[in-house]
Amino acid sequence: MIPLRSLSLFFCFTICATLTLISNIQGQSSSPPVPPGWQTYTERTDYRDTPRYNETIEFSRRLAASSNTIRFTSFGRSPQNRALPLLVAAKGDAFTPQAARKRNKVVVLVQACIHAGESDGKDAGLALLRDIGITKTRESLLDRIVLLFIPIYNTDGHERFSPYNRINQNGPRAMGWRANSTNLNLNRDYMKADAPETQAWLRLWNEWSPDLFIDCHTTDGADFRYNVTYQFEGYENVSPSVGRWMREVFERRVVPAVESEGNLLAPYLTLRDGRDPAKGLEGFIATPRFATGYAAMRNRPGLLIETHSLKNYRSRVRGTYDVLRRTLEEINRAPEELLRLARESDEETINLARQTAPSKRIALSVELTDKSVPFEFKGVEYRRESSEVSGQMRLIYGAKPLDLNVPFFNEAKAKVTVAVPRYYVVPPQWTEVIDRIQWHGIEFERLREELTIDVESYRFSEVRFSPNSFEGRVLPVYKVAAVRERRTFSSGSIVIETAQRGARVLMSLLEPEAPDSLLAWGFFNPVFEQKEYAEDYVLERIAREMMEKDENLRREFNQRVANDPKFAANPRERLRFFFDRSSYRDEQLNLYPVARVESEIDPRLLMKQ
Ligand SMILES: [Zn+2]
């Protein structure tokens with residue numbers, strides 16, 4: 001498409017094309033020489049293909065059989081009954097959580113293929129473990145670390161293999177599917193834990209309590225020159241030390257080291273306006289439904305790696321390899337920092353409940369502010385033109401590099417805060433909720449007998465339901481008002497003390513205004529449903545009796561009819577006016593069954609779980 005008159009342009013294009021070609025071969029670090037037979041499947045295919053589940057398991061078993069620093073096991077089974085694979089790499093005998101702690105090792109959990117079409121992390125991790133356990137060129141990475149690697153987390157989605165599963169992605173030639181076999185996105189399931197894979201993952205986490213978590217993905221979205229982007233939580237909704245290590249160590253030390261390998265890195269960013277990069281970039285906030293948002297809620301740094309979908313597969317796999325290798329190297333340089341961070345965050349969280357106001361409040365959610373910092377965005381040239389297909393402006397990316405100085409909106413502030421109560425009490429009938437509290441590793445006791453106590457809880461109003469189901473659930477939308485009352489709990493109710501390291505997860509599960517609370521995910525939907533109804537002719541009679549007894553009520557009703565045309569025109573609402581003020585109303589409608597308790601609960605009333 002180059003016009004003749006722009007020959008000079010042609011030359012400059014060639015130079016730029018070469019530059020672009022150069023940019024496309026970022027992340028070209030390569031593993032030290034690999035003995036025959038030990039190339040990974042992807043290396044053997046020169047990064048055109050990625051292995052299926054069976055090939056991955058076969059290679060993992062070979063690694064374990066041929067190395068005394070790698071063990072192959074599984075941490076659960078998928079809905080289609082595939083073993084969820086786990087490779088444990090360690091020196092000496094540190095292959096169990098207890099031995100790892102005894103040897104003062106840093107435990108790092110790396111997972112790949114939660115979105116099974118994004119296989120870069122799998123192929124990078126298998127190459128790294130080969131270099132650790134077989135060629136031993138990276139064996140020193142295990143000096144102070146126990147590495148847990150999940151090569152394929154979403155095993156069933158992985159085997160729904162097709163060349164058409166990732167429309168925005170440049171290689172491999174075929175790959176797995178994003179969701180699991182019940183079409184749930186596992187990277188939205190961390191709090192509600194509906195998927196068996198998530199429940200197995202939570203058991204693994206509770207067993208090992210990793211000090212650092214890394215989740216490997218591939219982007220969708222804009223074109224730019226970075227082959228790797230990354231993200232971590234560090235706002236005021238997580239324990240302060242969690243973000244500190246990522247900012248001070250990962251960003252200051254690991255990122256430059258990875259770039260020295262020929263990669264180009266940037267924070268995970270989205271265009272503020274999807275059709276105009278010049279409008280600036282926004283940071284991403286991972287609520288706890290996301291893997292890395294969840295890790296942060298468990299007081300541990302979580303690193304999200306998002307390689308750039310348009311880069312070639314080699315550049316993405318080697319870029320991921322370099323991030324993993326350099327991060328582990330950095331931990332070995334100063335392992336105590338991460339171990340101390342984990343202790344500090346747990347202590348800080350346990351002490352939350354013991355604080356006095358106002359430091360007794362935590363942020364349940366944060367939101368980006370309109371503050372921005374200048375950011376030199378390493379993009380590619382683009383133009384916008386109106387499209388006869390969509391009828392909107394379309395973005396057309398070119399090949400030439402283009403640096404843009406744009407605002408980067410990456411600052412966030414607390415959106416909703418709440419005081420940390422001494423206890424939560426959950427009645428025994430909410431079994432699905434109690435199961436999840438247990439699966440998240442939260443400690444609790446049960447009431448031996450009935451207990452009546454002063455509580456704070458919530459009443460909801462303006463309740464609506466989302467028109468479509470999301471991740472298999474119908475999500476309610478509601479307004480929240482605090483209520484204080486005396487409430488009786490039956491024996492078997494669970495009593496959860498908040499002075500525990502799981503307090504942030506606990507409050508994110510039980511506080512209605514938390515973005516991923518079980519209420520927000522629809523676990524309490526029945527409390528929004530009216531069960532008993534009055535026949536109109538019955539209510540007509542009761543309404544008259546009520547107005548005869550209560551002149552104020554009659555005045556209030558008449559005023560409402562006179563001043564509120566919408567109410568006046570709605571027979572249902574006019575009758576409901578009386579029903580809601582009658583003794584027949586359902587006191588518990590729109591009332592939150594979970595309570596917050598401040599006063600001491602007699603330990604003799606409680607039985608351990
Ligand atoms: Zn993903």
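The values are calculated or read from the model by the stated rules, or taken from the named source; none is laboratory data. The structure presented is a predicted model; accordingly, all values stated were derived computationally and were not measured. Backbone-built Cβ (ideal geometry, glycine too); neighbour counts: all protein chains shown. For the accessible areas, the whole protein counts, side chains as well, though only heavy atoms, and no ligand, DNA or RNA atoms are used. Shrake-Rupley method; radii C 1.70, N 1.55, O 1.52, S 1.80 Å.
Which net charge results when you count Lys and Arg as +1 and Asp and Glu as -1 among the other residues whose beta-carbon is under 13 Å from that of LEU395? Please list the in-between numbers first.
On the way: positive: ARG275, LYS279, ARG383, ARG384, ARG394; negative: ASP223, ASP273, ASP276, GLU381, GLU385.
Result for the local shell: 0.
When only the Cβ of Lys, Arg, Asp and Glu is charged (+1, +1, -1, -1), the dipole of region 536-579 relative to its Cα centre reaches about 120 debye. Remark: region 536-579 carries 72 Å² of accessible area per residue (probe radius 1.4 Å; ligands, DNA and RNA excluded).
Which value, in debye to the nearest 20, gives the size of the charge dipole of the chain about its Cα centre, when Lys and Arg are +1 and Asp and Glu are -1 at the Cβ?
On the way: 86 positive and 82 negative charges, 224 e Å.
Dipole about the Cα centre, nearest 20: 1080 debye.
Among the protein heavy atoms of the chain, carbon and sulfur supply 50% of the accessible surface, probe 1.4 Å, non-protein parts ignored. Region 57-101 and region 236-304 have Cα centres lying 28 Å from one another. Solvent-accessible surface (1.4 Å probe) assigned to GLU348 amounts to roughly 50 Å². Overall, region 326-482 carries a charge dipole of about 440 debye about its Cα centre when +1 sits on the Cβ of Lys and Arg and -1 on the Cβ of Asp and Glu, all other atoms neutral.
Between the C-alpha center of region 566-609 and that of region 104-129 there is a gap of 48 Å. In plain terms, the chain from GLN392 to THR417 could stretch by 5.0 nm, reckoned as 0.36 nm per residue minus the Cα-Cα distance. Largest accessible area first, the residues VAL477, VAL597 order themselves as VAL477, VAL597 under a 1.4 Å probe with ligands, DNA and RNA left out.
Accessible surface for region 32-190, divided over its residues, is 37 Å² per residue with a 1.4 Å probe.
In the chain, Cα pairs under 8 Å separated by at least six residues give a relative contact order of 13 percent. Put +1 on the Cβ of every Lys and Arg and -1 on every Asp and Glu Cβ in the chain; which of VAL527, LEU265, VAL406 then has its Cα farthest towards the positive end of the dipole? Looking along the dipole axis, the top candidate is LEU265.
Summing Lys and Arg as +1 and Asp and Glu as -1 over all other residues whose Cβ lies under 10 Å from the Cβ of ASN332 gives a net charge of -1. Cα centroid separation, region 325-372 to region 374-392: 38 Å. Using the alpha-carbon atoms, what tilt in degrees (0 to 90, nearest 10) does helix 313-333 show relative to the longest principal axis of the chain? The angle comes out near 80 degrees. Per residue of the chain, the DSSP helices (runs of n ≥ 4 H) give a summed -39500 (n - 2.57) that works out to -9000 deg cm²/dmol at 222 nm.
What pairs in LYS122/LYS311; LYS378/LYS415; LYS479/LYS566; LYS479/LYS531 have C-alpha atoms more than 26 Å from each other?
Numbers: LYS122/LYS311 17 Å; LYS378/LYS415 31 Å; LYS479/LYS566 21 Å; LYS479/LYS531 21 Å.
Pairs exceeding the cut-off: LYS378/LYS415.
Across region 536-579, Cα pairs under 8 Å and at least six residues apart give a relative contact order of 45 percent. Tell me the accessible surface of TRP439 in square angstrom (1.4 angstrom probe, heavy atoms of protein chains only), to the nearest ten. TRP439 has an accessible surface of roughly 80 Å² with all protein chains in place. Which of rounded, prolate, oblate describes region 76-133, given a ≥ b ≥ c as roots of the alpha-carbon gyration tensor eigenvalues and a/c under 1.5 marking rounded, otherwise prolate only if a/b is larger than b/c? Note, shape of region 76-133 comes out oblate. Solvent-accessible area of ILE350, all protein chains in place: 50 Å² (probe radius 1.4 Å, heavy atoms, ligands and nucleic acids excluded). Once you have a ≥ b ≥ c as the square roots of the Cα gyration tensor eigenvalues for region 536-579, tell me rounded if a/c is under 1.5, and otherwise prolate or oblate according to whether a/b is larger than b/c. Oblate. Placing unit charges on the Cβ atoms of the charged side chains and taking the dipole of the chain about its Cα centre, the candidate lying farthest along the positive direction among TYR226, ASN187, ILE434 is TYR226.
Between amide H atoms placed 1.01 Å from N, distances below 5 Å from SER365 occur with LYS415, VAL416, all of them 5 or more places distant or on a separate chain.
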